[in-house]
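Following: one structure in structure tokens, then a few remarks.
The values are calculated or read from the model by the stated rules, or taken from the named source; none is laboratory data. Keep in mind it's a predicted model, so treat the numbers as computed, not measured. Positions of Cβ are backbone-derived with ideal geometry, glycine not excepted, and every protein chain shown enters the neighbour counts.
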Amino acid sequence: MNVAPGAWKYAIVPLLAAPFALFISVTASLVALAVGAGTLAFFRDPDRTPPPTGVVSPADGTVSVLREEGDRVRLGVFMNVWHVHVVRAPVASRVTDVEHVSGANRPAFSKDSDRNERVHVRLETDSPNLPSDGDDAAATSAEVTLIAGAFARRIHPYVEPDDDLERGDRIGHIAFGSRVDLLFPPTVDIEDVAVDTGDSMTAGETVVLESAAGGLAGEFERRN
């Protein structure tokens, strides 16, 4: 079983303690073993196979946010304890910025989570058929935000500015939580989004925006 970086740091203590806990009781040993195995399961990192086309979900979980913010659309995916917490690139793109923002640690399903600690991963993807701010510009930006929750105190980005990503590549994980947002380019309307609040997501596989939606055919698959 593949696990996210740092998983053994959390799992090694209870796993090593399990045999010594036998001196206390069999129950104590089994509890320690279960905690260690459960931690590794929490940090599991299975391989994923993106579909041929479409923008994919950056995270496992349930759609908890789908709203318009000015001229942008935000999709938020809430991850529960049983979900895989490795975050993936929704589009083939180049990383333009990775920004850490300090904040609170409110439950990820609450409205107050918008002020939580977070890491913004800003992406740029070639889009020659999309309008842009500059006359000669041919790039469309999207943003993936990893948000900590009440128990999630560690956000681990894997990427740096200028990294090239394929759709479905791993871009980071959140230790013990919690929510991942995808901010679409301004050219995407909320009606274009292929999922709705309450839908179940699989990172790197569930299509959240069809490639033909809103005239975006081929826009987000320049390297696929």
(request) Kindly indicate whether any position in region 65-74 is within 22 Å of Asp163 (Cα to Cα) and not in a strand (DSSP E or B). (result) no
(message) For the list (1) over 19 Å from the mean Cα position of the chain (by Cα); (2) surrounded by 13 or more Cβ atoms within 10 Å (Cβ to Cβ); (3) under 22 Å from Ser178 (Cα atoms); (4) at pLDDT 80 or above, I need the number of the one condition that Pro58 fails.
(response) (1)
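State yes or no: is Arg44 modelled with pLDDT of 80 or more and surrounded by 13 or more Cβ atoms within 10 Å (Cβ to Cβ)?
On the way: modelled with pLDDT of 80 or more: yes; surrounded by 13 or more Cβ atoms within 10 Å (Cβ to Cβ): yes.
Yes; evaluated as a whole, the condition is true for this residue.
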(request) Scan region 160-178 for residues that are surrounded by 21 or more Cβ atoms within 10 Å (Cβ to Cβ) and either at pLDDT 90 or above or in a helix (DSSP H, G or I) (or both) and jot them down. (result) Leu165, Arg167, Gly168, Ile171, Gly172
(request) Collect the residues in region 12-40 that are crowded, with 16+ Cβ neighbours inside 10 Å and closer than 16 Å to Trp82 by Cα, keeping them in residue-number order. (result) Val35, Gly36, Thr39, Leu40
